[in-house]
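> So that we are looking at the same thing, I have put the structure below in structure tokens.
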Amino acid sequence: MKIVITGASGQLGGMIIERLLQTIPASRLVACVRKLESGSKWEKQGVEVRHCDYDQPESLVKAFAGASRLLLISSPHHDDTIRIRQHVHAVEAAKQAKVGHLLYTGFAFAEKGALSMTHLHLATEHAIMTTGIPYTFLRSGLYSDFIGSLGVKEAIETGELAVLPGDWSFNSVTRRDLADAAAAVLAGEDHQNRTYELASASTWSFEDLAEVLSELSGRPVSLTRNPEILNWVYGFLSKIDTTSTSGDLERLLCRPAASLKESVRELFPSGANI
Ligand SMILES: NC(=O)c1ccc[n+]([C@@H]2O[C@H](COP(=O)([O-])OP(=O)(O)OC[C@H]3O[C@@H](n4cnc5c(N)ncnc54)[C@H](OP(=O)(O)O)[C@@H]3O)[C@@H](O)[C@H]2O)c1
């Protein structure tokens, strides 16, 4: 019985396969990639690699054949209308291939969002439910990568983290934690027809971020609020639910999720002064 994973050349898909290889024989895993050469890393480890392109429906039925579990990783396409079409191709193929259990990486608290992206994830979940295939919705929280868009490098250089005024708080998560949780579900039992909100169990504030930047850089970083800041990220953040929390991620991980400090440290892998 095969566990088939799309987006296997991507960051999240790659981390999930790495984690699964620690507990499941490689012969049970199938890595789906758009370009076969990008699967060579998995092939070398005994994982079957199959071609899968969301824009080529005929590739998908073959890619999903024999899947007792299929993890559909959402497309990264920038146009959400095209993403819907891509996802529907995958959902139709899963039905045709008689996939036993379909798992999908949506977006946490999508009902409370007001972006084309949140509609896309809800639409995909509904499309999956039309098939009657047992499902699990792994709704990813906001990737902590977004912290990089808040001017943290400049904050360390200048000693000042300038943010837009407002009552902001964030339920962000790391890809590593999302990948570990997804692997636990793919390898485990009793997850059928469940929706998991994979956001953090508590939120952090800009005060917390300034403190973490000071600690990690060894230089004081103060917080200032400036209503004139022009940064696209605030428009995005204001249209998604960044404040709701959930214990789902930590329950699946059976450990605490990454702290804000650990998440920020991951953004600066070279460790140079942070
Ligand atoms: N929750 C959040 O904050 C957040 C943030 C960013 C993204 N996301 C979503 O999470 C997903 C996974 O994140 P990630 O970091 O792993 O993204 P990523 O590194 O960009 O990986 C995306 C994967 O999708 C594959 N892909 C792209 N177009 C495809 C197509 N037409 N058919 C089949 N596969 C295709 C890519 O293959 P190639 O290597 O061939 O391009 C790659 O393997 C993203 O795709 C996006 O939908 C969520």
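> Can you work out which of the residues in the stretch 106-122 that are open to solvent by 20 Å² or more (accessible area, probe 1.4 Å) and not in a loop (DSSP other than H, G, I, E, B) is nearest to the ligand (Cβ to nearest atom)?
Let us first name the residues in the stretch 106-122 that are open to solvent by 20 Å² or more (accessible area, probe 1.4 Å), namely 107, 109, 111-112, 114-117, 119, 122.
Narrowing further to those that are not in a loop (DSSP other than H, G, I, E, B): 107, 111-112, 116-117, 119, 122.
Values: F107: 6, E111: 15, K112: 14, S116: 13, M117: 8, H119: 14, L122: 14 Å.
Selected residue: F107.
> Output the number of residues of the stretch 128-149 satisfying the condition of being open to solvent by 20 Å² or more (accessible area, probe 1.4 Å) and of a type outside the set (V, I, T).
Looking only at that region, the number is 8.
> Would a scan of the stretch 143-165 turn up a residue that is under 30 Å from A67 (Cα atoms) and at pLDDT 95 or above?
Just the residues of the stretch 143-165 that are under 30 Å from A67 (Cα atoms), to begin with: 143.
Next cut, at pLDDT 95 or above only: 143.
So far as the stretch 143-165 goes, yes, one or more of its residues are under 30 Å from A67 (Cα atoms) and at pLDDT 95 or above.
> For the condition without any contact (Cβ under 8 Å) to a residue 12 or more places away in the chain, closer than 30 Å to F206 by Cβ and of a type outside the set (A, V, I, L, M, F, W, C), what is the one hit in H119, H126, H78? Working first, answer last.
On the way: H119 fails: without any contact (Cβ under 8 Å) to a residue 12 or more places away in the chain; H126 fails: closer than 30 Å to F206 by Cβ.
H78 is the lone residue from the list that is without any contact (Cβ under 8 Å) to a residue 12 or more places away in the chain, closer than 30 Å to F206 by Cβ and of a type outside the set (A, V, I, L, M, F, W, C).
> Of the residues that sit in the stretch 24-71 and are among the polar types (S, T, N, Q) and free of Cβ contacts under 8 Å to residues at least 60 places away in the same chain, which one is surrounded by the fewest Cβ atoms within 10 Å (Cβ to Cβ)?
Let us first name the residues in the stretch 24-71 that are among the polar types (S, T, N, Q), namely 27, 38, 40, 45, 56, 59, 68.
Narrowing further to those that are free of Cβ contacts under 8 Å to residues at least 60 places away in the same chain: 27, 38, 40, 45, 56, 59.
Numbers: S27: 10, S38: 15, S40: 12, Q45: 13, Q56: 13, S59: 18.
Applying the filter and picking the extreme gives S27.
> Being of a type in the set (F, W, Y) and open to solvent by 40 Å² or more (accessible area, probe 1.4 Å) is true for just one of W204, W168. Which residue is that? Can you show your working first?
Numbers: W204 fails: open to solvent by 40 Å² or more (accessible area, probe 1.4 Å).
Just a single option satisfies the conditions, and that option is W168.
The values are calculated or read from the model by the stated rules, or taken from the named source; none is laboratory data. On a predicted model such as this, the values are computed, not experimentally measured, just so you know. With ideal geometry, Cβ positions are generated from the backbone for all residues, glycine too; neighbour counts draw on all protein chains shown. For accessibility, only protein heavy atoms count, side chains too; no ligands or nucleic acids. Shrake-Rupley method; radii C 1.70, N 1.55, O 1.52, S 1.80 Å.
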